[in-house]
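The values are calculated or read from the model by the stated rules, or taken from the named source; none is laboratory data. The shown structure was predicted, so the numbers you read here are calculated from the model rather than taken from an experiment. With ideal geometry, Cβ positions are generated from the backbone for all residues, glycine too; neighbour counts draw on all protein chains shown.
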Amino acid sequence: MSAASDVTKLRDSFGERILKTVEFRGEQTVIAELGALHELLAKCRNELGYEMVLDVSSVDQFGEHPRFEIVYEIATVDDSKRLRVKAKVAEDQDVPSATDIWPGADWHEREVYDLMGIPFSGHPNLKRILMWEGYPFFPLRKDFPLAGRPSEMPDVASSGVAPLEGGPFVTCAGGEDTVRREPRAHVVE
């Protein structure tokens, strides 16, 4: 069995609900309708042997509709098969959580929610994981400004002394080129 044969089985089972399949450099990708995503992932786990989820990520296709794409990277424990499953998600849609299929999807889905604002229906603990509760923005969206947004949070993270000052690495903040600005081993002469 291979991921390519699994893609054929999924196409046979889901028919038109699989929008596209892609093979690139030996990697298999299935692009499915959002409505078929949970059922498709369950079939991958229960019938095709994908015992673990490696990653859940998202892509912001700013300016397109639907705007987002959710991406599940799944694999067998012995790493003999890997499969990427994608689905398009509009701004007002929820993605069905895969935590009932793979408990390991929990933190990945929370991270996608926290940084991109994509909610997961059925998630057991969907709250922010990196940003603080109540933060109104999603920093990985393409419309988030690079300089950040004003915040009500006090500046508690700054300190007078850098924690690694005098440590094994040094850097020159005003170096004339990138090589001199990069951290490097401290050389004692």
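Side notes on the structure shown:
- Selection status of H38, within 16 Å of the chain's Cα centre (by Cα), assigned to a helix (DSSP H, G or I) and not polar (S, T, N, Q): no
- Members of the stretch 52-81 found to be of a type in the set (A, V, I, L, M) and either under 13 Å from the mean Cα position of the chain (by Cα) or under 20 Å from K20 (Cβ atoms) (or both), listed by number: V53, L54, V56, V59, I70, V71, I74
- Failed criterion for R84 (all others in (1) among the basic types (K, R); (2) farther than 28 Å from L140 by Cα; (3) touching a residue at least 24 places away in the same chain (Cβ under 8 Å) hold): (2)
- Residue in the stretch 121-141 that is of a type in the set (F, W, Y) and under 20 Å from I74 (Cα atoms) present: no
- Just so you know, in the stretch 82-92 the residues that are part of a loop (DSSP other than H, G, I, E, B) and either at pLDDT below 95 or within 15 Å of the chain's Cα centre (by Cα) (or both) include one that is surrounded by the fewest Cβ atoms within 10 Å (Cβ to Cβ), and it is D92.
- Residues within the stretch 97-113 that are of a type outside the set (G, A, S) and either surrounded by fewer than 20 Cβ atoms within 10 Å (Cβ to Cβ) or assigned to a loop (DSSP other than H, G, I, E, B) (or both), tallied: 7
- Test: residue in the stretch 116-133 that is among the aromatic types (F, W, Y), surrounded by fewer than 20 Cβ atoms within 10 Å (Cβ to Cβ) and without any contact (Cβ under 8 Å) to a residue 60 or more places away in the chain: yes
- Screening the stretch 82-96 for residues that are out of contact with any Leu (no Cβ under 8 Å at 6 or more places or on another chain) and not aliphatic (A, V, I, L, M) and picking the one that is nearest to F144 (Cα to Cα) gives E91.
- Residue in the stretch 147-169 that is assigned to a loop (DSSP other than H, G, I, E, B), out of contact with any helix residue (DSSP H, G or I) (no Cβ under 8 Å at 6 or more places or on another chain), modelled with pLDDT of 65 or more and surrounded by 13 or more Cβ atoms within 10 Å (Cβ to Cβ) present: no
- Taking the stretch 41-52 as the range and being of a type in the set (G, A, S) and part of a helix (DSSP H, G or I) as the test, only A42 passes.
- Scanning the stretch 92-117 for residues that are more than 22 Å from E64 (Cα to Cα), β-branched (V, I, T) and in contact with a Pro (Cβ under 8 Å, 6 or more places away or on another chain) gives a single hit, T99.
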